[in-house]
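S.K.: Next up is a structure, given as structure tokens.
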Amino acid sequence: MTVIATLVDAAQHAGINYAFIVDPYESRAWIDGVLTTLELVLVTIVFSTVMGLQLSLLLRSRRGWLSLPARALIELTRNTPTLVQLYCAFLVLNVLINQTLQGAEHNPITPFAWVVIVLSLHVGAFHAEALRAGIEAVPKVTVEAAQALGLSRTEILWRIEFPLAVRFSLPALTNNVVNLVKLTTLGSAIAVGEVTYSSIMIWTQHDNVVELMCLILALFSVLAYGVSRSGRWLESRLRIPGHDLR
């Protein structure tokens with residue numbers, strides 16, 4: 001800790017203000033912000049993947065009352081700003097729920113949960129389109145061969161089309177997750193204590209915007225790079241031997 005304090009002091013003499021690092025309260029708040037960001041990323045990855053799978057299946061349905069609402073939801077989600085969606089959810093739906101339950105203290109949906117819900121729907125819509133494109137990219141002869149073997153439509157979807165579609169869609173899915181990592185910063189708009197919000201609280205006290213922004217950029221660069229490399233690793237692992245298919 002003495003070494004860190006010495007480095008922080010030396011930096012401060014050079015005009016670089018990282019004094020919050022040696023302040024127990026502020027450093028703890030910033031670390032909590034990083035952990036909250038990681039939690040948002042992990043939870044939203046899971047829920048957006050589930051949402052994307054469900055929407056892609058609904059899009060494939062021959063029943064219009066299933067496919068049309070799914071298409072409408074995807075178009076609405078893809079074609080409106082994510083921040084506007086978050087504000088509509090938190091400042092409109094959340095207020096209506098509070099009024100219905102006669103008080104915010106009775107509302108079980110926290111700001112953190114609203115961020116997860118909105119980002120899961122938003123990224124899930126892009127996942128759904130990527131998976132739909134992947135399913136449609138499966139060669140027709142492959143599907144016809146499965147039909148000739150007597151497989152049902154459901155069996156063909158789960159045993160033939162979907163496994164191949166995931167391989168086709170992995171680059172797009174990885175790109176969606178990278179975008180999801182960056183979108184978690186929107187939580188600061190409704191006072192979710194992720195790393196951006198924690199940094200704002202610190203720099204309003206110390207006027208060290210540049211220093212904290214550099215840390216935020218470095219953090220999200222590392223997270224996005226990790227996601228990107230994980231996606232490339234999956235592409236390699238799921239490659240079909242003898243085929244240029246990832």
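S.K.: Taking 0.36 nm per residue of separation and subtracting the Cα-Cα distance, what length does fully extending Leu101 through Ser67 add?
M.R.: Full-extension gain reported as 9.0 nm.
S.K.: Per Stokes-Einstein, at 25 °C and 0.890 mPa s, what whole-number D in µm² s⁻¹ belongs to the range 43-193, with the Kirkwood radius over Cα pairs as the hydrodynamic radius?
M.R.: For these conditions, the coefficient is 145 µm²/s.
S.K.: Which value, in debye to the nearest 20, describes the size of the charge dipole of the range 128-204 about its Cα centre when Lys and Arg Cβ atoms bear +1, Asp and Glu Cβ atoms bear -1, and nothing else is charged?
M.R.: For the range 128-204, the charge dipole is close to 60 debye.
S.K.: Here's something else I'd like to know. With point charges of +1 on the Cβ of Lys and Arg and -1 on the Cβ of Asp and Glu, referenced to the Cα centre of the chain, which listed residue (Asn175, Tyr18, Ser198) lies farthest in the positive direction of the dipole?
M.R.: Most positive-ward Cα: Asn175.
S.K.: Could I have the simple spin-label model distance between Ser152 and Glu235, label points 7 Å from Cα toward Cβ, reported in nm to one decimal?
M.R.: With each label placed 7 Å out from Cα toward Cβ, I get 3.6 nm.
S.K.: Something else about it: For helix 195-206, report the angle its Cα long axis makes with the longest principal axis of the Cα atoms of the chain; keep it between 0 and 90° and round to the nearest 10°.
M.R.: Relative to the chain, helix 195-206 is tipped by roughly 20 degrees.
S.K.: Here's a follow-up. What order do you get for 25-32, 122-129, 58-65 when each peptide is scored by the mean count of other beta carbon atoms within 10 Å, highest first?
M.R.: Ranked by mean Cβ neighbours within 10 Å, highest first: 122-129, 25-32, 58-65.
S.K.: Between Val116, Ser230, Leu212, whose Cα lies farthest towards the positive end of the dipole of the chain when Lys and Arg beta carbons carry +1 and Asp and Glu beta carbons carry -1, centred on the Cα centre?
M.R.: In the chain, that residue is Ser230.
S.K.: So, one more: How large is the charge dipole for the chain, taken about the Cα centre, if only the Cβ atoms of Lys, Arg (+1) and Asp, Glu (-1) carry charge, to the nearest 20 debye?
M.R.: 1340
S.K.: Using the Karplus curve 6.51 cos²θ - 1.76 cosθ + 1.60 with θ = phi - 60°, work out ³J(HN,Hα) for each residue of the range 32-38 in order, rounded to whole Hz, and write x for Gly and Pro.
M.R.: 3J(HN,Hα) across the range 32-38, in whole Hz: 4, x, 4, 5, 5, 4, 4.
S.K.: Can you work out the FRET efficiency for the pair Leu217 and Ile16, with r the C-beta to C-beta distance and R0 = 22 Å, to the nearest 0.05?
M.R.: Computed FRET efficiency for Leu217 and Ile16: 0.90.
All of the numbers you see were taken from the coordinates with simple rules; none came from a lab. Treat the numbers as computed from the prediction; the structure is a model and nothing was measured. Quick reminder, even Gly has a Cβ in these numbers, built from the backbone with ideal geometry, and neighbours come from all protein chains shown.
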